[in-house]
Amino acid sequence: MMNFIFFFFLTLFLVIIQTVIIPDFFWFPYCFDLMIINVLYLSLFSPRYCVPFCLIIIGSIMDSLSGSPFLLHTTAYLCIYLIIFFLRRLVFQRSAIFVFIVSLVSACIYQGLVIFSVFLFQGHKAIAATDYRLCIGQVFWAAVGIPIGVWFMGIVHQKFLHAVKQSCRHMARKYRG
């Protein structure tokens with residue numbers, strides 16, 4: 001239950017940052033999808049089988065709030081989850097190199113789906129050289145930001161669980177009598 005509360009508020013925080021705060025900055029076009037951090041953390045460190053259902057809900061929220069084609073985020077998040085789900089069985093997932101490579105692949109998957117959706121809706125003439133530069137910039141910043149975000153998220157999650165455990169112990173001592 002505490003993990004659900006943590007991920008609910010973290011998802012809410014990242015959705016607000018992604019859809020309200022970041023678009024006001026001039027470097028917004030180079031910002032990657034921050035929800036990929038949440039997707040990677042859930043995929044890497046949550047053994048539960050309800051993660052795909054949570055990712056469908058998160059993707060639907062992001063699809064409805066962003067101006068992107070519907071099911072773009074949901075498809076990207078599920079593809080990222082499936083790749084990590086299968087790779088996690090083969091490779092030691094707590095390795096920093098693995099997290100870096102997976103974050104780079106995740107950003108490439110997301111950008112590939114964006115380019116593919118532009119191609120489907122507007123044709124090949126709509127994809128200009130500036131779009132490729134923009135995608136490369138987002139992949140670069142994702143390769144830098146996602147591993148740091150996953151690391152920071154792990155620390156915050158551990159601190160949250162520790163605070164909850166301490167609170168439960170304190171309440172048990174206080175009301176035990």
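Values computed for the structure shown
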quantity	calculated
Pairs where the first residue, in the stretch 108-123, is within 17 Å of Cys31 (Cβ to Cβ) and the second is surrounded by 13 or more Cβ atoms within 10 Å (Cβ to Cβ) and of a type in the set (Phe, Trp, Tyr), C-beta under 9 Å, 6+ apart	Tyr110/Phe32; Tyr110/Tyr77; Gln111/Phe32
Cβ-Cβ under 8 Å pairs, at least 6 apart or on other chains, the stretch 1-30 side within 24 Å of Val139 (Cα to Cα), far side among the aromatic types (Phe, Trp, Tyr)	Ile22/Phe28; Tyr30/Trp141
The stretch 4-38, residues that are surrounded by 13 or more Cβ atoms within 10 Å (Cβ to Cβ) and among the charged types (D, E, K, R)	Asp33
So Ala172, is it at pLDDT 90 or above, among the hydrophobic types (A, V, I, L, M, F, W, C), in a helix (DSSP H, G or I) and farther than 19 Å from Met35 by Cα	no
Selected residue [in contact with a Cys (Cβ under 7 Å, 6 or more places away or on another chain) and either assigned to a helix (DSSP H, G or I) or within 23 Å of Phe85 (Cα to Cα) (or both)] from Ile5, Ile22, Ile36, Ile17	Ile22
Within the stretch 75-107, tally of residues that are out of contact with any helix residue (DSSP H, G or I) (no Cβ under 8 Å at 6 or more places or on another chain) and either in contact (Cβ under 8 Å) with a residue 60 or more places away in the chain or among the small types (Gly, Ala, Ser) (or both)	1
Any hit, the stretch 16-29, residues being of a type in the set (D, E, K, R) and either at pLDDT 85 or above or closer than 21 Å to Phe4 by Cβ (or both)	no
Qualifying residue in the stretch 67-83 (condition: buried (at least 17 other Cβ atoms within 10 Å of the Cβ), in contact with a Pro (Cβ under 7 Å, 6 or more places away or on another chain) and aromatic (Phe, Trp, Tyr))	yes
Ala96 loosely packed, with under 14 Cβ neighbours inside 10 Å, at pLDDT 80 or above and of a type in the set (Gly, Ala, Ser)	yes
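The values are calculated or read from the model by the stated rules, or taken from the named source; none is laboratory data. Just so you know, these numbers come straight off a predicted model, no measurement behind them. Ideal geometry is used to build each Cβ from the backbone, glycine not excepted, and the neighbour counts take in all protein chains shown.
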